[in-house]
Amino acid sequence: MTTDPSEGRSTAARLRVASLRQTGSTPVNMEPGAAARARYAAELGAEALRKLRFQGKLTPMGKSGWRLDAKLGATAVQACIVTLDPVTTRIDTTVVREFLPPERMDAPEAGSETEIPDDDSVEVLGDEIDIESIMLEALSLALPTYPRKDGVSLGEAQFAADGVVPVTDEETKPFAGLAGLREKMQDNDKEG
């Protein structure tokens, strides 16, 4: 457990499975301090993380599995993709992960072709559960990919050599020409 006030209050970043309670839930609480939030912001390409909290519990699933139910709360500051002005985003999301031993994962045989399963909330259980990486992954997925200030739009860029009419975004859409062709064919059918 972290005791330095600048580093916040936290459960260990990694929890050893052998030390988890078998008869009840194990609480999870990560509230990184300013130094850790600054490091995470740099890793995620954000300008700042003003707040970050990851709280929940690990509950046993039978004799050999675990389920993490947690809430991620964060206030992130990112640069607007148009103006580069700071954009503040509040994130509140639920995180659910199940950790199962390999024999319970219905894993395909080695070397066989397989599709990736749709359920990405199930992970292979090892000796430790990395709470910090789960928190950062959830935060990374929740952050806006292209943050924009309210009321700001990208506009439309047009590039062409002197004397050449630029092609617009509307003209480059793959089905734009088909609509015109369909109208022309309908007009021909009416005339004929």
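The values are calculated or read from the model by the stated rules, or taken from the named source; none is laboratory data. Note that the structure is predicted; figures quoted are calculated from it, not measured. Here the Cβ positions follow ideal geometry from the backbone for every residue, glycine too, while neighbour counts run over all protein chains shown. Side chains included, ligands, DNA and RNA excluded: accessible areas come from the protein's heavy atoms. Shrake-Rupley method; radii C 1.70, N 1.55, O 1.52, S 1.80 Å.
Under 7 Å by Cβ, and 6 or more places apart or on different chains, what pairs join a residue from region 31-45 that is more than 16 Å from ILE134 (Cα to Cα) and open to solvent by less than 50 Å² (accessible area, probe 1.4 Å) with one that is outside any strand (DSSP E or B) and modelled with pLDDT of 95 or more?
none
Among the residues that make up region 147-160, is at least one of them more than 30 Å from SER64 (Cβ to Cβ), at pLDDT 75 or above, under 17 Å from the mean Cα position of the chain (by Cα) and surrounded by 11 or more Cβ atoms within 10 Å (Cβ to Cβ)?
Yes: region 147-160 contains one or more residues that are more than 30 Å from SER64 (Cβ to Cβ), at pLDDT 75 or above, under 17 Å from the mean Cα position of the chain (by Cα) and surrounded by 11 or more Cβ atoms within 10 Å (Cβ to Cβ).
Can you list residue pairs whose Cβ atoms sit under 7 Å apart, with the first residue in region 67-87 being touching a residue at least 24 places away in the same chain (Cβ under 8 Å) and the second being open to solvent by 60 Å² or more (accessible area, probe 1.4 Å) and among the hydroxyl-bearing types (Ser, Thr, Tyr)? Count only pairs 6 or more apart in sequence or on different chains.
Pairs found: LYS71/THR94; THR75/THR88; VAL77/THR88; ILE81/TYR146.
Among the strands (runs of 3 or more DSSP E) confined wholly to region 17-92, which include 1 or more residues that are touching an Asp or Glu at 6+ places or on another chain (Cβ under 7 Å) and closer than 20 Å to TYR146 by Cα?
Passing ranges, in order: 65-79.
Which of the residues belonging to region 122-146 are surrounded by 11 or more Cβ atoms within 10 Å (Cβ to Cβ) and of a type in the set (Asp, Glu)?
Scanning region 122-146 gives GLU123, GLU128, ASP130, GLU132, GLU137.
Return the residue satisfying two criteria in turn: it lies in region 88-121 and is of a type in the set (A, V, I, L, M) and at pLDDT 55 or above, and of such residues it is surrounded by the fewest Cβ atoms within 10 Å (Cβ to Cβ).
The extreme case among them is VAL96.
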